[in-house]
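Here's the structure we're looking at; comments come further down.
The values are calculated or read from the model by the stated rules, or taken from the named source; none is laboratory data. In this text, all values refer to a predicted model and were calculated from it rather than measured experimentally. Quick reminder, even Gly has a Cβ in these numbers, built from the backbone with ideal geometry, and neighbours come from all protein chains shown. When the accessible area is computed, the model is the full protein with side chains, heavy atoms only, and any ligands, DNA or RNA have been set aside. Shrake-Rupley method; radii C 1.70, N 1.55, O 1.52, S 1.80 Å.
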Amino acid sequence: MLGMVKNSLLSTVEAWPYRLLSKGEKDQLSYEERTYEGGKFAAVELVGKSFDEASKEGAVKLLKYVGGSNDKGVGMGMTAPVSITAFPAEDGSFQQKVKVSLRIPSQFQDSPPCPTDESIKIEERQGMTIYSTQFGGYAKEADYVSYAAKLKAALGSDAAYHKDSYLCNGYDPPMKPYGRRNEVWFVKE
């Protein structure tokens, strides 16, 4: 636990490498199109819990992993964002299923330590192109649903992206009270 707290408070945060492709704005909503590198990710799936409860539980598990709860006992440093894959129901609310993931820091990409928590899996992912919009505050399910609806409206029917899931991203530790950054990402098809 101490490693997790030290890791999230005292270490520098490594950003997930990306390239900005374009910016847009519609109906007072700014959005971007970006392409992200692939790589290895630590991920945990949770089912049967609300989005807010499951995302918090998953994030804590991943913070413990990068904080030293792994077979090498090494604190790896923090990466941002923590991504939560959400699966919208027909009414726009989330199903009780999420996947919380974190890109493994660059220096551990070739050989990531094995998690001691068996629910955490190491996954190899391809690069992706996304549409993104940003907002502040302590984000909850209602915030992500609201901004996803705004992004969908801003992009219109011409944009091709996966409709069965989207990514809810948080960039800040819970102890940061202001200037928080959250994003909704739609993954381009």
Within the range 173-189, take every residue that is free of Cβ contacts under 8 Å to residues at least 40 places away in the same chain and among the charged types (D, E, K, R) and give me the one that is farthest from TYR36 (Cα to Cα).
LYS176
Which of the residues spanning the range 168-189 are closer than 15 Å to GLY24 by Cβ and buried (at least 19 other Cβ atoms within 10 Å of the Cβ)?
GLU183, VAL184, TRP185, PHE186
Filtering the range 150-167 down to residues that are over 16 Å from LYS23 (Cα atoms) and hydrophobic (A, V, I, L, M, F, W, C), which residue is most open to solvent (accessible area, probe 1.4 Å)?
ALA160
Identity of the residue in the range 44-58, in a helix (DSSP H, G or I) and either of a type in the set (Val, Ile, Thr) or surrounded by fewer than 21 Cβ atoms within 10 Å (Cβ to Cβ) (or both), that ends up farthest from the chain's Cα centre (by Cα)
GLU53
ALA159 - would you say it is of a type outside the set (Val, Ile, Thr) and not in a loop (DSSP other than H, G, I, E, B)?
no
Among the residues in the range 91-106, are any surrounded by fewer than 21 Cβ atoms within 10 Å (Cβ to Cβ), under 23 Å from LYS61 (Cβ atoms), touching a residue at least 60 places away in the same chain (Cβ under 8 Å) and touching an Asp or Glu at 6+ places or on another chain (Cβ under 6 Å)?
yes
ASP117 versus (1) out of contact with any Asp or Glu (no Cβ under 9 Å at 6 or more places or on another chain); (2) at pLDDT 95 or above; (3) in a strand (DSSP E or B): which is the lone unmet condition?
(3)
Which one is farthest from the chain's Cα centre (by Cα), of the residues in the range 22-43 that are assigned to a strand (DSSP E or B) and among the acidic types (Asp, Glu)?
GLU25
Just to be sure, is ASP110 surrounded by fewer than 16 Cβ atoms within 10 Å (Cβ to Cβ) and within 16 Å of VAL60 (Cα to Cα)?
no
For the range 113-149 the number of residues that are open to solvent by 70 Å² or more (accessible area, probe 1.4 Å) and of a type in the set (A, V, I, L, M) is 1
